[in-house]
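Coordinate-derived values only; no laboratory data. Every value quoted in this text rests on a predicted model; they were computed, and no experiment measured them. Methodologically, a virtual Cβ is constructed for each residue, glycine included, from the backbone with ideal geometry; neighbour enumeration extends over all protein chains shown.
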Amino acid sequence: MDLLLLTLFLGFVSGMLILIPRLRKSDTGKGAQQKFASQASKAYTKADVSSHNKRTDCWIIIKDKVYDVTSYVEEHPGGDAILVHAGDDSTEGFFGPQHATRVFDMIEDFYIGNLVK
């Protein structure tokens with residue numbers, strides 16, 4: 001009985017970890033579209049990004065795109081691993097074998113602009 005309850009609980013928690021990011025992504029109202037359109041034209045230097053290197057203010061660079069992942073830091077399944085390259089280029093770590101393919105869709109929710117070289 002205890003094993004059954006534990007299994008059900010773990011299944012529920014795992015399901016929520018998958019559904020919560022998807023629910024956030026499904027916000028396709030005008031506000032979300034305007035936010036994306038206004039942010040798409042922003043450009044940041046590496047110096048701009050480097051100042052956002054804390055748990056409470058975390059930006060990363062992936063393939064010359066800048067992402068504000070501050071709201072995701074606490075949800076990150078890999079714990080503080082996301083902070084290793086906070087304020088810096090995370091391309092190599094992002095495309096590592098530890099990430100499921102869904103992260104490639106999720107990351108676009110955090111896009112704020114492009115890196116200027």
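Key figures for this structure:
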read-out	value
Of 73, 83, 104, farthest towards positive along the dipole that unit charges on Lys, Arg, Asp, Glu beta carbons give the range 64-117	104
Whole-Å distance, taken between Cα centres, linking the range 97-117 and the range 53-78	9 Å
Aspartates and glutamates with Cα under 17 Å of residue 63, excluding same-chain neighbours fewer than 8 positions away	48, 88, 89, 92, 105, 108, 109
Simple spin-label estimate for residue 95 and residue 56 in nanometres, 7 Å along Cα-Cβ	3.5 nm
Rounded FRET efficiency, nearest 0.05, which uses the C-beta distance separating residue 1 from residue 74 and R0 of 30 Å	0.35
Total formal charge among the other residues, if their Cβ is under 14 angstrom from that of residue 54, Lys/Arg +1 and Asp/Glu -1	-4
